[in-house]
1. Would you check if residue 140 is farther than 30 Å from residue 41 by Cα, assigned to a strand (DSSP E or B) and not hydroxyl-bearing (Ser, Thr, Tyr)?
2. Return the pair list, or none, for Cβ contacts closer than 8 Å from residues in segment 180-205 that are farther than 23 Å from residue 18 by Cα to residues that are among the hydroxyl-bearing types (Ser, Thr, Tyr), at least 6 apart or on different chains.
3. All but one of (1) crowded, with 19+ Cβ neighbours inside 10 Å; (2) out of contact with any strand residue (DSSP E or B) (no Cβ under 7 Å at 6 or more places or on another chain); (3) of a type in the set (S, T, N, Q) hold for residue 130, so report the exception by its number.
4. Condition check: crowded, with 20+ Cβ neighbours inside 10 Å and either in contact (Cβ under 8 Å) with a residue 60 or more places away in the chain or closer than 27 Å to residue 169 by Cα (or both). Does residue 76 satisfy that?
5. For segment 201-218, what are the residues that are under 18 Å from residue 127 (Cα atoms) and among the hydrophobic types (A, V, I, L, M, F, W, C)?
6. Looking at segment 7-49 only, could you name the residues that are part of a strand (DSSP E or B) and closer than 14 Å to residue 85 by Cβ?
7. Scan segment 189-199 and give yes if some residue there is at pLDDT 95 or above, part of a helix (DSSP H, G or I) and in contact with a helix residue (DSSP H, G or I) (Cβ under 8 Å, 6 or more places away or on another chain), otherwise no.
8. Return the residues of segment 101-127 that are within 15 Å of the chain's Cα centre (by Cα), surrounded by 21 or more Cβ atoms within 10 Å (Cβ to Cβ) and of a type outside the set (A, V, I, L, M); say none if nothing qualifies.
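The values are calculated or read from the model by the stated rules, or taken from the named source; none is laboratory data. The model shown is predicted, which means the values in this text are computed figures rather than measured ones. Positions of Cβ are backbone-derived with ideal geometry, glycine not excepted, and every protein chain shown enters the neighbour counts.
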Amino acid sequence: MPASIGVLAGMGPRSTAPFVDMLIQACQDLYDARNDMDFPKMHIISLPTPFYPGIPVIDRDMANALKRGIAELVKVGVDLIVVPCNLAHVYFTAMIEASKDIPLLHIADCALRRLPAQITHVAIIGAAPTLESGIYQHRIRAKGKVVVNTIRLQELATELISLVKERGFIDKQVENTWRKVLSEAKQGNADAILVACTDISPLITEDQSLVIIDAAVSLAEAAVHASYSSHCQILTLTGSVT
């Protein structure tokens, strides 16, 4: 039976259901799960956290909220933990401390494994605090790639996240702003976009002129691989999957 997965989601609230769908889809695509008993047991928490687009995060408050959420999953006794929120991984050390040796996947490590070798310029689309932390930039540069980032691109990303939180995914202004994000990335000579915000993930559609890597899908697939592997032995506490 697959190992149980603890999902600390809710950041933002609209991103929880799409991520669970990603997990289910990954079970079907990667392991041909069809019947209810083919799927891993999941414990899902939708956790409110003190994040407000465009406003600096109070690190202590955010870390404490995440630690409380992780502690709830530890108490339940899950076999591995995933946190489908890129900003949360700025506080990965705090979450590891709270996880009590239960494997915890790192979303950035999962996403970077999906970056094609031929890509040279990567635009990261996410919340400002995520980008300011550098958790993606140093991983991308370590692979010899160029990070594409402009003030306008970050302004558009912040606007888009705020709109999604307010209006949802099916909204003309949301769709128009997403198109502006893609256009700005192309103008910066990006040949790939790394979507580093789970609030944005449901907006992704195929774009023939850009490779689009969704960190949320990457995390979901890594979690499913880990779940179906024998008792998570392939995991390490740094979130690496071999």
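1. Values: farther than 30 Å from residue 41 by Cα: yes; assigned to a strand (DSSP E or B): no; not hydroxyl-bearing (Ser, Thr, Tyr): yes.
No, not satisfied.
2. 184/150; 186/209; 188/150; 191/120
3. Going through (1) crowded, with 19+ Cβ neighbours inside 10 Å; (2) out of contact with any strand residue (DSSP E or B) (no Cβ under 7 Å at 6 or more places or on another chain); (3) of a type in the set (S, T, N, Q) one by one, residue 130 breaks only (2).
4. Numbers: crowded, with 20+ Cβ neighbours inside 10 Å: no; either in contact (Cβ under 8 Å) with a residue 60 or more places away in the chain or closer than 27 Å to residue 169 by Cα (or both): yes.
No.
5. 203, 204, 212, 213, 215, 216, 217
6. Within segment 7-49, 7, 8, 9, 44, 45, 46 meet the criteria.
7. No, because not a single residue in segment 189-199 is at pLDDT 95 or above, part of a helix (DSSP H, G or I) and in contact with a helix residue (DSSP H, G or I) (Cβ under 8 Å, 6 or more places away or on another chain).
8. 106, 110, 126
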